[in-house]
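Derivation of every value follows stated rules applied to the coordinates shown; laboratory data play no part. Values in this document were obtained by computation on a predicted structure and should not be read as measured data. Cβ coordinates were reconstructed from backbone atoms using ideal geometry, including for glycine residues, and neighbour counts include every protein chain displayed.
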Amino acid sequence: MINLSGLEVRESVVEKLKKQVSGFVSVPKLVIIQIGNDERSTVYINQKKKFGERIGLPVIVHNFDTSVSEDELLVSIDQYNGDKTVGGVIVQMPIPQNLNRRKILDAIHFEKDVDGLGSRQSGLFYCREKSAIMPATARGVLMLFDYYKIPLEGKDVCIVGRSGLVGRPLMQACLSRNATVTICHSKTRSLKEKTKNADILIVAIGKAGFINSDYVSKGQVVIDVGINSSGPPDKKLRGDVDADSVKGIVSALSPVPGGVGPLTVTALFQNVVEAWRQNDMV
Ligand SMILES: NC(=O)c1ccc[n+]([C@@H]2O[C@H](COP(=O)([O-])OP(=O)(O)OC[C@H]3O[C@@H](n4cnc5c(N)ncnc54)[C@H](OP(=O)(O)O)[C@@H]3O)[C@@H](O)[C@H]2O)c1
C-alpha cells in the first residue's frame with residue numbers, strides 16, 4: 001500500500017513558495033482572526049504561523065474574547081480589508097454559536113478571502129471561474145493527487161461528508177478534474193455499497209476510525225481528511241479511516257497525521273501568494 005504522505009508533498013512545494021514570497025516587492029501579511037481559545041484551533045493557528053515563518057510570510061493572529069460582538073468583529077475585518085499590507089484574512093473556525101458565521105465570512109473583502117469561504121469567492125468557485133480561490137483542504141487533496149500522479153478523469157470518486165468547508169469544495173474540485181462524483185452524508189442509504197464502488201474514496205466526516213474494511217474494496221485509493229483527537233491523556237490524532245483494518249485491501253492511503261493536514265496549511269499559503277499576485281499587489 002502506498003503511503004500518500006502530505007509531508008513529502010509539502011516539502012516539494014515549499015522552496016517555490018519561499019521564492020515567490022522573496023520576489024515580492026512588499027510581502028503580504030496573513031491575518032487570522034481567532035475568537036476564544038479553542039485548543040484545536042490554537043494548534044492549527046500555530047501550524048499556520050510556523051509555515052508562514054518558513055516561507056517568510058508574516059502571520060498576524062488577532063484574538064478576540066468569546067464575548068466579542070458581531071459589530072466589533074465587522075469593524076476589525078473592515079480595517080484589515082482596507083490595510084494595503086494585508087494580503088489575506090481568515091476566520092479560524094469554530095466560532096461561538098451566537099455569531100452569524102455567514103455575515104462574518106462575507107465581511108472579508110473577496111480579494112482577501114484566501115480561505116475561499118465567503119459567498120462571493122464561493123460563487124466564483126462553484127461557477128468555475130478560473131480566478132476563484134479554492135478552499136484550502138480541497139486544494140490540498142488535489143496536490144496529493146498531482147504529486148502521486150493519481151488521475152481523476154473518468155474515475156468514480158465517492159466523497160463521504162458534505163460540509164461547506166470540506167465535502168462540497170472537494171466535490172467541485174474533483175468534478176473540475178472530470179471525475180464522476182458521488183457525495184454521501186449522514187442520511188445516505190447503503191453507504192457501504194457506494195463507498196466500495198468508487199475508484200477513489202475521500203472521507204471527511206469527523207468520526208475516528210469509522211471507515212473500516214467493510215467500506216473499501218481492492219485497489220482503491222483512500223484519502224482520509226478526518227482529524228479527530230483521542231482526547232487526554234495521549235491526545236493522539238486519528239483519521240476517519242481505520243488504517244489497520246483497510247491496509248491489506250486498498251492500494252493507497254493518506255495517513256493521519258501527516259496526510260491532508262499539512263497540505264491544507266500549504267494550500268492556504270498558496271492561496272495568499274496567488275491572491276497577492278492576482279490583485280497586482282506584488
Ligand atoms: N485535514 C484537514 O486539513 C482538515 C480540514 C478541515 C476539516 N478536517 C476534518 O475533517 C472532518 C470533517 O470536517 P467537516 O468540517 O467537514 O465536518 P462537519 O461539518 O461536521 O461535516 C461532517 C460531514 O460528515 C457527514 N457524516 C457524519 N456522520 C456520518 C455518517 N455516519 N455517515 C455518513 N456521513 C456522515 C455529515 O453529514 P450531514 O451533512 O448529513 O450532517 C457531514 O456532511 C473532521 O474530522 C475535521 O476535523 C480536516
Between Rg and the Kirkwood Rh of the range 165-266, both from Cα atoms, what is the Rg to Rh ratio? 0.95
Evaluate the charge dipole of the range 115-252 about its Cα centre and quote only its size in Debye, nearest 20, assuming +1 on the Cβ of each Lys and Arg and -1 on the Cβ of each Asp and Glu. 260
Can you put MET93, MET1, MET143 in order of Cβ neighbours within 10 angstrom, beginning with the fewest? MET1, MET93, MET143
Determine, for SER76, SER254, the number of other Cβ atoms within 10 Å of each Cβ, and report the residues in order from fewest to most. SER76, SER254
Eligible aspartates and glutamates near LYS18 by straight Cα distance, threshold 14 Å, same-chain separation 8 or greater: GLU53, GLU274
For the range 33-177, Kirkwood radius (reciprocal of mean inverse C-alpha pair distance, Å): 16.6
Among the lysines, select those whose C-alpha is under 28 Å from the C-alpha of LYS207, and discard any that sit fewer than 8 residues away in the same chain. LYS48, LYS49, LYS50, LYS155, LYS187, LYS192, LYS194, LYS196, LYS218, LYS235, LYS236, LYS247
Given the range 47-116, report the % of alpha carbon pairs whose separation exceeds 21 Å. 26
Send over the semi-axes of the range 17-57's equivalent ellipsoid, whole angstrom and largest first, taken as the square roots of 5 times the C-alpha gyration tensor eigenvalues. 25, 11, 4
Sequence gap at least 6, Cα distance under 8 Å: using those rules, report the relative contact order of the chain to the nearest whole percent. 22
Only bridges with both residues in the chain count here: give the DSSP antiparallel percent, nearest 5. 5
Report the extension gain between ASN100 and ARG189 in nm, rounded to one decimal, defined as 0.36 nm multiplied by the number of residues separating them, less their alpha carbon distance. 28.8 nm
Given H placed on each backbone N at 1.01 Å, which residues far from VAL91 in sequence or on other chains put an amide H within less than 5 Å of it? ILE33
quick note, the range 5-157, DSSP beta bridge pairs, % antiparallel (nearest 5) is 0
Could you compute the FRET efficiency for ASP234 and CYS127, with r as their C-beta to C-beta distance and R0 at 51 Å, rounded to 0.05? 0.70
Output the direction-averaged projected area (hull surface divided by four) of the convex hull of the alpha-carbon atoms of the range 213-282, in nm². 6.8
So for the range 1-115, considering every pair of alpha-carbon atoms, how many percent are separated by more than 18 Å? 56
To make sure I understand, if each residue's beta carbon is the centre and we count other beta carbons within 10 Å, what order do VAL221, VAL160 fall in, fewest to most? VAL221, VAL160
The chain, dipole about Cα centre (Lys/Arg Cβ +1, Asp/Glu Cβ -1), debye to the nearest 20: 580
Could you pull the Cα extents of the chain along its three principal axes, largest to smallest, in whole Å? 53, 40, 37
Computed about the Cα centre, the charge dipole of the range 208-282 from +1 Lys/Arg and -1 Asp/Glu charges at the Cβ has a magnitude in debye, to the nearest 20, of 120
Spin-label point model (7 Å from Cα, Cβ direction): what's the TYR148 to ARG120 distance in nm? 3.7
Within 10 Å of each candidate Cβ there may be at most 16 other Cβ atoms; applying that plus a DSSP loop requirement, which chymotrypsin sites (Phe, Trp or Tyr not before Pro) in the range 1-67 survive? PHE24
